Amino acid sequence: MTKKTPETLRSARWFAPDDLRSSGHRSRIMQMGYSPEEFMGKPVIGIINTWSDINPCHAHFKQRVDDVKRGILQAGGFPIELPAISLSESAVKPTTMMYRNLLAIEAEELIRMHPIDGAVLMGGCDKTTPGLLLGATSAAVPCIFIPAGPMLRGNYKGQVLGSGSDAWKYWDERRAGNITDEQWTGIEFGIARSHGTCMTMGTASTMMAIAESIGMTLPGASSIPAADANHIRMCANAGRRIVDMVWDDLTPDKIQTRDAFENAIAVAMAMGCSTNAVIHLIAMARRAGQQIGLEDFDRISRIVPVIANIRPSGEKYLMEDFFYAGGLPALMNRIRDKLHLDCMTVNGQTIGRNIEGAEVYNDDVIRTPDNALYQEGALAVLKGNIAPGGCVMKPSACEKRFYKHTGPALVFDDYPSMKEAVERDDLDVTADTVMILRNAGPRGGPGMPEWGMLPIPKKLVKQGVRDMLRMSDARMSGTSYGACILHVAPEAYLGGPFALVKTGDMISVDIAERSIHLNVSDEELARRQAAWQAPPPRFERGYGWMFSQHIRQANEGCDFDFLQTDFGAAVKEPDIF
C-alpha cells in the first residue's frame with residue numbers, strides 16, 4: 001500500500017508552498033489561535049457534523065464531536081468541524097428524501113473546497129447516512145462513518161414500545177376507540193426516551209448497518225446504542241483511525257466494491273431491513289461506480305433468510321436487545337457463507353477478519369438460519385404491467401394471506417383525499433380491496449414522501465382488520481409494517497401504467513412468482529394512456545425545480561442525474577492561485 005507523506009497530503013496544496021496565497025492560508029489558521037506545528041504537515045480531518053437543535057436523533061453529536069476531535073489529536077491529525085444540513089426525519093417537510101441529495105452535494109463540496117485530507121461523517125437519521133456517504137464517495141478522500149446509534153427502548157407502564165412501529169399500531173387502536181387521550185399522551189412520553197435514532201429496524205438502523213457491512217464504519221459501530229458509553233469510545237476510535245487511513249491513502253474506492261454492496265444487500269435481508277434500503281443502496285453503489293439494481297436485491301433475497309428478530313419484521317425485540325445479543329458482527333458471522341469475506345474495511349482488515357469469532361449471546365434475538373423468522377430475505381421485488389420498472393414489498397412484515405392475492409382497486413390521486421376518505425364509515429371498501437395512492441413518487445410527491453403505509457380505513461379497523469394490500473409510488477417508513485407495495489416505477493406523475501388504474505380494476509399479486517398484474521387488456525390501457533393528461537408542475541423555481549428536473553426514478557436510486565459517475569468526467573482538484 002502506498003503511504004502518504006506530509007508533502008503529498010492534499011492539504012499541503014493550501015499550506016506548504018512559499019507564496020503569498022499559502023501565506024494567507026496559514027495566517028488565517030493562526031488567526032484562530034493555532035500554531036504552525038499544530039497543522040503544518042499533519043492530516044487535516046474534516047468532521048462533517050449533521051447535529052442541529054431540531055434533530056433528536058443527533059442531539060448527542062454536539063458532545064460526540066469533541067470525542068472525535070480528541071481521537072484525531074491523539075493520532076497526530078488536525079480536526080476541523082464542518083456543520084452540514086441536518087435532516088430530521090420527524091420535522092422536515094414535505095420529506096427528507098427531497099434533501100438527501102442536497103446533503104450529498106454539501107458533503108462533497110465541503111470536502112473538495114477545503115484543505116481536507118480525510119473526513120469523519122457523523123450521521124444516522126434516515127437520509128443522513130446515504131447522503132453523507134454519497135457525497136464523501138464522490139469527493140474520493142479517505143473517510144469513515146460514525147453512526148448515531150439507536151435510542152433506548154421505549155416504555156409505557158412497563159410495556160416495551162418500539163418507535164414508529166408501535167405508533168402506527170396504537171394509533172389504529174385509538175381510531176378504533178380502544179385508547180383514551182390520556183393513554184395516548186403517556187405513549188407519546190414513553191416511546192422516545194433518549195437521544196438516538198429509531199430503535200426498531202427502521203431506515204436509520206438499516207442504513208447504519210449497511211454502512212458497516214459495506215466496510216465504512218468500525219466493526220460493531222452500527223449496533224451501539226446512542227446513550228451507551230461504548231458510543232463515546234467508538235467516536236474517539238474513529239477519530240484516531242481516520243488519521244491512519246489518510247497516511248495509508250485508504251480511499252472509498254478501495255472499500256466500496258461490487259462485492260461490498262452485495263454484502264450490504266445480504267446483511268439488509270437478514271436484518272429484516274427497511275424498504276428504503278433499496279433506493280439508497282442503488283444510489284450509493286452507482287456513485288461508487290458499481291451497477292447494482294433491483295435484480296440484485298431479488299436474487300440475494302431468495303437465498304438469505306431473516307434472522308434478526310427485531311420489530312417490525314421480528315416479534316418483540318429492539319436494537320438495544322440486538323446490541324446485547326452480539327450486534328451486527330454476530331449476525332454477519334451467522335451468514336458468513338453468504339458474504340464476500342475478503343472485502344476491505346476502514347479499519348484496514350477484511351470483513352472476514354472483523355467478524356471472525358463474533359458470538360451470538362441470545363439465539364432468539366439473532367436466530368440461526370435454520371430457525372429463521374422468514375426463509376427468504378425481508379424484501380421482494382415485483383414486476384408486471386402496472387410496474388414495468390419494478391416495485392418493492394416487505395413480505396416478512398405482512399400477513400401471509402397477501403402472499404398471493406387478487407382484489408379490486410380503490411384509487412386515490414392525492415394524499416388529502418385519501419386521508420379524508422379512510423375516516424368515512426360509508427367508504428366502499430373490504431379487507432380484500434387493494435388501496436392505491438399515486439402521484440406520490442420522486443417528482444409527484446414531491447420527493448417521494450413516506451406515505452406508502454396507507455392507513456387502514458376506519459370502517460375496517462372497527463371490524464378488527466389490521467392489514468390489507470396497499471400500493472403506492474411513494475415510500476414508507478422502515479418502522480412501518482403491513483402488506484404495502486411501494487416504489488412503483490415509473491411513477492404515476494410521469495404517466496406510467498400506474499397512472500391508468502381505475503377504481504374497481506382487479507389487481508393480482510403473487511410474491512412467489514414476483515409478479516404484480518393489472519387485469520385490464522392492453523387495448524383498454526392504450527385508450528386510457530391516450531386520454532391521460534400530465535399534471536401541472538410541482539415547482540417553477542428554486543431547489544424544488546432543480547430537484548424535479550434532475551431526479552431519477554426509484555429503481556435507479558433517486559439520485560440526481562448530474563451527480564452520477566456516468567454523467568461526466570470526475571471533478572478535478574480546485575485551482576489555488
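The values are calculated or read from the model by the stated rules, or taken from the named source; none is laboratory data. Since we're looking at a predicted model, the values are computed, not measured. Quick reminder, even Gly has a Cβ in these numbers, built from the backbone with ideal geometry, and neighbours come from all protein chains shown. With ligands, DNA and RNA removed, areas are computed over all heavy atoms of the protein, side chains included. Shrake-Rupley method; radii C 1.70, N 1.55, O 1.52, S 1.80 Å.
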> Name the pairs: first residue in region 330-352 and at positive phi, second residue outside any helix (DSSP H, G or I), Cβ to Cβ under 8 Å, at least 6 apart or on different chains?
Replying inline: GLY348/LEU250
> Considering only region 96-136, how many residues are in a loop (DSSP other than H, G, I, E, B) and more than 21 Å from HIS195 (Cα to Cα)?
Replying inline: 5
>> Of the conditions (1) out of contact with any Cys (no Cβ under 8 Å at 6 or more places or on another chain); (2) open to solvent by less than 20 Å² (accessible area, probe 1.4 Å); (3) outside any loop (DSSP other than H, G, I, E, B); (4) not small (Gly, Ala, Ser), CYS558 satisfies every one except a single condition; which number is it?
In response: (3)
> Inside region 172-201, can you point out the residues that are under 29 Å from the mean Cα position of the chain (by Cα) and touching a residue at least 60 places away in the same chain (Cβ under 8 Å)?
Replying inline: ASP172, ALA192, HIS195, GLY196, THR197, CYS198, MET199, THR200, MET201
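Within region 244-297, can you find the residues that are among the polar types (S, T, N, Q), touching a residue at least 40 places away in the same chain (Cβ under 8 Å) and touching a Lys or Arg at 6+ places or on another chain (Cβ under 9 Å)?
Initially, region 244-297 is screened for residues among the polar types (S, T, N, Q), giving 251, 256-257, 263, 274-276, 290-291.
When the remaining residues are screened for being touching a residue at least 40 places away in the same chain (Cβ under 8 Å), the result is 251, 256-257, 263, 274-276.
Scanning region 244-297 gives GLN256, ASN263, SER274, THR275, ASN276.
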> Within region 109-140, how many residues are in contact (Cβ under 8 Å) with a residue 60 or more places away in the chain, at negative phi, open to solvent by 10 Å² or more (accessible area, probe 1.4 Å) and of a type in the set (A, V, I, L, M)?
Replying inline: 2
>> Within region 491-504, take every residue that is open to solvent by less than 20 Å² (accessible area, probe 1.4 Å) and assigned to a loop (DSSP other than H, G, I, E, B) and give me the one that is farthest from ARG443 (Cα to Cα).
In response: VAL501
> Taking the condition of a type in the set (D, E, K, R) and modelled with pLDDT of 95 or more, does ARG299 pass?
Replying inline: yes
>> Considering only residues that are surrounded by fewer than 19 Cβ atoms within 10 Å (Cβ to Cβ) and either touching a Lys or Arg at 6+ places or on another chain (Cβ under 9 Å) or assigned to a loop (DSSP other than H, G, I, E, B) (or both), which ones fall in region 18-51?
In response: ASP18, ASP19, SER22, MET32, GLY33, TYR34, SER35, PRO36, MET40, GLY41
> Of the numbered conditions (1) on the phi > 0 side of the Ramachandran plot; (2) surrounded by fewer than 24 Cβ atoms within 10 Å (Cβ to Cβ); (3) at pLDDT below 95, GLY164 satisfies every one except a single condition; which is it?
Replying inline: (2)
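Rundown of residues vs (1) under 21 Å from ASN309 (Cβ atoms); (2) in a loop (DSSP other than H, G, I, E, B), yes/no style:
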{"residue": "GLU182", "(1), (2)": "no, no"}
{"residue": "GLY186", "(1), (2)": "no, no"}
{"residue": "PHE189", "(1), (2)": "no, no"}
{"residue": "ARG193", "(1), (2)": "no, yes"}
{"residue": "THR200", "(1), (2)": "yes, yes"}
{"residue": "ALA204", "(1), (2)": "yes, no"}
{"residue": "ILE210", "(1), (2)": "yes, no"}
{"residue": "THR217", "(1), (2)": "no, yes"}
{"residue": "ALA226", "(1), (2)": "no, yes"}
> If you check VAL488 against the conditions, is it in contact (Cβ under 8 Å) with a residue 40 or more places away in the chain, touching a helix residue (DSSP H, G or I) at 6+ places or on another chain (Cβ under 6 Å) and part of a strand (DSSP E or B)?
Replying inline: yes
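May I ask you to verify whether ALA358 is open to solvent by less than 60 Å² (accessible area, probe 1.4 Å) and in contact with a Pro (Cβ under 9 Å, 6 or more places away or on another chain)?
yes
Across region 6-48, what is the total count of residues that are small (Gly, Ala, Ser) and touching an Asp or Glu at 6+ places or on another chain (Cβ under 7 Å)?
Going residue by residue through region 6-48, those that are small (Gly, Ala, Ser) are 11-12, 16, 22-24, 27, 33, 35, 41, 46.
Restricting the remaining residues to those that are touching an Asp or Glu at 6+ places or on another chain (Cβ under 7 Å) gives 11, 16.
Qualifying residue count for the region: 2.
Can you find a residue in region 67-82 that is modelled with pLDDT of 95 or more, closer than 22 Å to ILE232 by Cα, in contact with a Ser or Thr (Cβ under 6 Å, 6 or more places away or on another chain) and outside any helix (DSSP H, G or I)?
Of region 67-82, the ones modelled with pLDDT of 95 or more are 67-82.
Within this subset, residues satisfying the condition of being closer than 22 Å to ILE232 by Cα are 67-82.
From what's left, in contact with a Ser or Thr (Cβ under 6 Å, 6 or more places away or on another chain): none.
No; the residues of region 67-82 include none that is modelled with pLDDT of 95 or more, closer than 22 Å to ILE232 by Cα, in contact with a Ser or Thr (Cβ under 6 Å, 6 or more places away or on another chain) and outside any helix (DSSP H, G or I).
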> Of the residues that make up region 513-526, is at least one surrounded by 13 or more Cβ atoms within 10 Å (Cβ to Cβ) and touching a Pro at 6+ places or on another chain (Cβ under 9 Å)?
Replying inline: yes
>> Looking for something closer than 23 Å to GLU108 by Cβ and of a type in the set (Val, Ile, Thr) - is there at least one such residue anywhere in region 511-527?
In response: no
> Taking region 382-406 on its own, how many of its residues are open to solvent by 10 Å² or more (accessible area, probe 1.4 Å) and not aromatic (Phe, Trp, Tyr)?
Replying inline: 14
